[in-house]
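Everything on this sheet refers to the single structure shown next.
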Amino acid sequence: MSTIDDSPSVQHAHELGHRDAGLLQLVTFNIAEEEFGVDILSVQEIIRLMQITNVRVTKIEGDEKLKALALVVFDDCFLVGDLRVVESDDGFFVAMPSKRKRDGSFKDIAYPLNNTFRQELEKMVLTAFEEATNIRAISRIESGKAETVRPDLLGVEEFGFQPKTQG
């Protein structure tokens, strides 16, 4: 029996027919834009990945680089704190929680295991940072919240332009 990891791209089971008729049911899922299917009878369980359900940001005053501390809540039941919103010459980024080692260096103690989730986490934290501080840290257009960047400015549609569409 196999277990299928439930990424956001896992889809519902497709009924292709009845076993009696020689047809089978598949659980389908996507990996890197390719669709795969597994016989539903060989699936033991579908594990849903944890979702970020809350992000809280506390603004830090008087520090040149550290702009805020953040915490992230997963599935309303697991909290990861001490994320840091840092401003560098290249813009803002989110530093993961870390601890100082005996040699004085730092080691992250909680961190994303892949770039896709790292980007999603950073976007959510920086969006919450923008909302809490009114400091622009990322492009709201990239985060899908273009209308809230600067409510006092006109949007592209109001100038008679059509926004670019992806695809």
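Any residue in the stretch 101-113 that is assigned to a loop (DSSP other than H, G, I, E, B) and loosely packed, with under 11 Cβ neighbours inside 10 Å sitting within a Cβ distance under 8 Å of a residue that is modelled with pLDDT of 90 or more and charged (D, E, K, R)? List the pairs, counting only those 6 or more apart or interchain.
Listed by first residue and then by second, the contacts come to 101/107.
Being in a strand (DSSP E or B), within 17 Å of the chain's Cα centre (by Cα) and at pLDDT 85 or above is the filter here; which residues of the stretch 29-53 pass it?
52, 53
The values are calculated or read from the model by the stated rules, or taken from the named source; none is laboratory data. Because the structure is a prediction, the values reported are computed rather than measured. No Cβ is skipped: glycine too gets one built from the backbone with ideal geometry, and neighbour counts run over all protein chains shown.
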